[in-house]
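The values are calculated or read from the model by the stated rules, or taken from the named source; none is laboratory data. Keep in mind it's a predicted model, so treat the numbers as computed, not measured. Every residue, glycine among them, receives a Cβ derived from its backbone with ideal geometry; neighbour counts consider all protein chains shown.
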Amino acid sequence: MHIKTAKVAMDSGVRRNPTQYYWCKKYDLMNIANEDYLILKKNKPKDPTIRVVPMEQYFDILMEVHKRSGHGGRDKMLYAIKNKLYIQKRAIEIFVSFCPICESLFYFVNMATLQCK
Ligand SMILES: [Zn+2]
């Protein structure tokens, strides 16, 4: 669901379908510098503000996180965005599996292991 649809659903408060209802329970909207951001609803006020990354920004953000973590794997990346950003785990896995540098590293390590035998 798109952020605008979510906003309309939350603002209007009428005739929510089950998807919208689910979204309203799970997410919140935050306005920073006139831009709406979708965040995960906090259970407690002290909970960290976790921004839900829109699909169209996945690539840029994953690239940044991946590079910053020194081409870290899924778990390293999940740890890096923990309490800050929300990105689907599956998307991270796919991203890592498509990184040409990681792939060649993987290949290199495997070759080295084979040659030791
Ligand atoms: Zn990589």
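Tabulated data
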item: Of all residues making up the range 1-37, the number that are modelled with pLDDT under 65 and closer than 16 Å to Leu85 by Cα; result: 0
item: Hits in the range 35-84 (condition: hydroxyl-bearing (Ser, Thr, Tyr) and in a helix (DSSP H, G or I)); result: Tyr58, Tyr79
item: When residues of the range 65-86 are limited to those that are in contact (Cβ under 8 Å) with a residue 12 or more places away in the chain and near the ligand (Cβ under 9 Å from one of its atoms), the one nearest to the chain's Cα centre (by Cα); result: His66
item: Filter pass, Ile94 being surrounded by 10 or more Cβ atoms within 10 Å (Cβ to Cβ) and at pLDDT 85 or above; result: yes
item: Some residue of the range 53-62 being within 13 Å of the ligand (Cβ to nearest atom), under 12 Å from the mean Cα position of the chain (by Cα) and modelled with pLDDT of 95 or more; result: yes
item: Cβ pairs under 6 Å, 6+ apart, first in the range 87-108 and in the same structural domain as Tyr58 (by TED's automatic domain parsing) and in a loop (DSSP other than H, G, I, E, B), second more than 13 Å from the ligand (Cβ to nearest atom) and modelled with pLDDT of 90 or more; result: Ile87/Val53
item: Residue ID - surrounded by the fewest Cβ atoms within 10 Å (Cβ to Cβ), chosen from residues in the range 47-85 that are over 25 Å from Asp28 (Cα atoms) and of a type in the set (Gly, Ala, Ser); result: Gly70
